[in-house]
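In what follows, a single structure is set out as structure tokens and then discussed.
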Amino acid sequence: MKINKIDHICIAVKDLDAARKVWEPVMGKSGPDDPYIDESEKIRVARYWLGGIGFELMESTDPDGHVAKWIEKNGEGVMVVSFNVDNTREAVKELEAKDYPFIPAPGGEKTRPFRDCEFAFIHPKKVNNVLLELIDYRWDK
């Protein structure tokens, strides 16, 4: 499996609007480059492009969502590091053969859809308590 680059880093926040006021002056941004809501993941995201890498501030849209639960357990902060790969499904197969456990989506699949790509999460217990994501997002930035 070839890692193309760090795709993005996600910061879990309780209040996205308040977090934007803290982070945007540091980044020299007046707003997100790619704001979005992912209903299936129960998140609202402000994504910024920084040197070819995504930097995301993400809040839960549901008190029972994964981000809300993560914040409850760990507090606000870095939640996800994401590696860009050529093909998420192939990367999952390769790493499963090496005993890397993946967190299944609600339907039980290892991969999850996002726009025109797929992503998967390696369980943090295997990778030093980091939620590691593999994604085959095609960058045009």
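The values are calculated or read from the model by the stated rules, or taken from the named source; none is laboratory data. Here the structure is a predicted model, which means the values were calculated and not measured. Heads up, the Cβs are rebuilt from the backbone with ideal geometry, glycines too, and the neighbour counts pull from every protein chain shown.
A few comments on the model shown:
- Contact map, region 103-130: first residue over 12 Å from THR88 (Cα atoms), second residue surrounded by 14 or more Cβ atoms within 10 Å (Cβ to Cβ) and of a type in the set (D, E, K, R), Cβ cut-off under 8 Å, separation 6 or more or different chains; pairs are PRO104/LYS110; ALA105/ARG112.
- Members of region 116-137 found to be touching a strand residue (DSSP E or B) at 6+ places or on another chain (Cβ under 8 Å) and acidic (Asp, Glu), listed by number: GLU118, GLU133, ASP136
- Candidates in region 95-124 are the residues that are on the phi < 0 side of the Ramachandran plot, assigned to a loop (DSSP other than H, G, I, E, B) and basic (Lys, Arg); of these, the one that is surrounded by the most Cβ atoms within 10 Å (Cβ to Cβ) is LYS110.
- Any chance LYS73 is within 18 Å of LEU132 (Cα to Cα) and not in a strand (DSSP E or B): yes
- Condition check for ALA68: assigned to a helix (DSSP H, G or I), under 30 Å from ALA18 (Cβ atoms), modelled with pLDDT of 95 or more and among the small types (Gly, Ala, Ser): yes
- Any hit, region 12-33, residues being part of a strand (DSSP E or B), at pLDDT 95 or above and of a type outside the set (A, V, I, L, M): no
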